[in-house]
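One structure is given below, encoded as structure tokens.
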Amino acid sequence: MKIKKNWIVLGIIVLIIIILYSSFKGTYNNMVTLDEGVNEKWAQVENVYQRRADLIPNLVSTVKGYAEHEKQTLTEVIEARAKATSVNIDPSNLNQASLMKFQQTQDALSSALSKLMVVVERYPDLKANQNFLELQAQLEGTENRISVERKKFNTSARDYNAYIRKFPKNIYASIFGFEKKAYFKAVEGAEKAPEVKF
């Protein structure tokens, strides 16, 4: 009788170990999958920002031929591009501070490009140039892709963050070192509509 009880106790212990192992394994693997999904979405965000950065030298060269005395604006765009391409983030260290720094340099580049487009309005010949029109269309398409990829990244980061914060997964996340991912946020002041004056 005593031997039979020992086998039952041993069987229960083995069953509990198997259940715990399966739980740890499944949760850990899901966290890895979600983490890799966030990293993949981040790579796409960087990819579309790089595409924009690659278009800028051609755009600046085209504008330079028509608007030679707009050197300050062209220089601002070139400098903003250099700063934006110099900020790289390791996806494994995707925290709010690093993402904020990345976003600030990209926002500065967007601002410089906006100034450049205002300058272009003064040059009807440039606005009619086929090369410029193609570059402008590519840049507009890239800006749309940036918006789409940022949204996908935020969705992926939200899914990952929600998963690692739920109980008991939050305990496993803490044990295995999975940390919350940062989000892209709207530029400060974006909630206010711009004032239009004629």
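Residue pairs whose Cβ atoms lie under 8 Å apart, separated by 6 or more positions or on different chains, with the first residue in region 65-83 and under 16 Å from P124 (Cα atoms) and the second exposed (fewer than 14 other Cβ atoms within 10 Å of the Cβ) and of a type in the set (S, T, Y), do not occur.
Scanning region 108-130 finds no residues that are closer than 30 Å to Y28 by Cβ and either surrounded by fewer than 16 Cβ atoms within 10 Å (Cβ to Cβ) or among the basic types (K, R) (or both). Scan region 60-107 for residues that are assigned to a helix (DSSP H, G or I), loosely packed, with under 12 Cβ neighbours inside 10 Å and charged (D, E, K, R) and jot them down. K71, the sole residue that qualifies. Filter region 72-111 down to residues that are touching a Lys or Arg at 6+ places or on another chain (Cβ under 7 Å) and under 22 Å from G177 (Cα atoms), then give me how many there are. Total meeting the criteria: 1. Applying the criterion of being buried (at least 17 other Cβ atoms within 10 Å of the Cβ) and at pLDDT below 90 to the residues of region 131-184, the residue that is nearest to the chain's Cα centre (by Cα) is F184.
The values are calculated or read from the model by the stated rules, or taken from the named source; none is laboratory data. For clarity, every value in this text was computed on a predicted model and none was experimentally measured. Cβ sites come from the backbone with ideal geometry, for glycine too, and all protein chains shown count toward neighbours.
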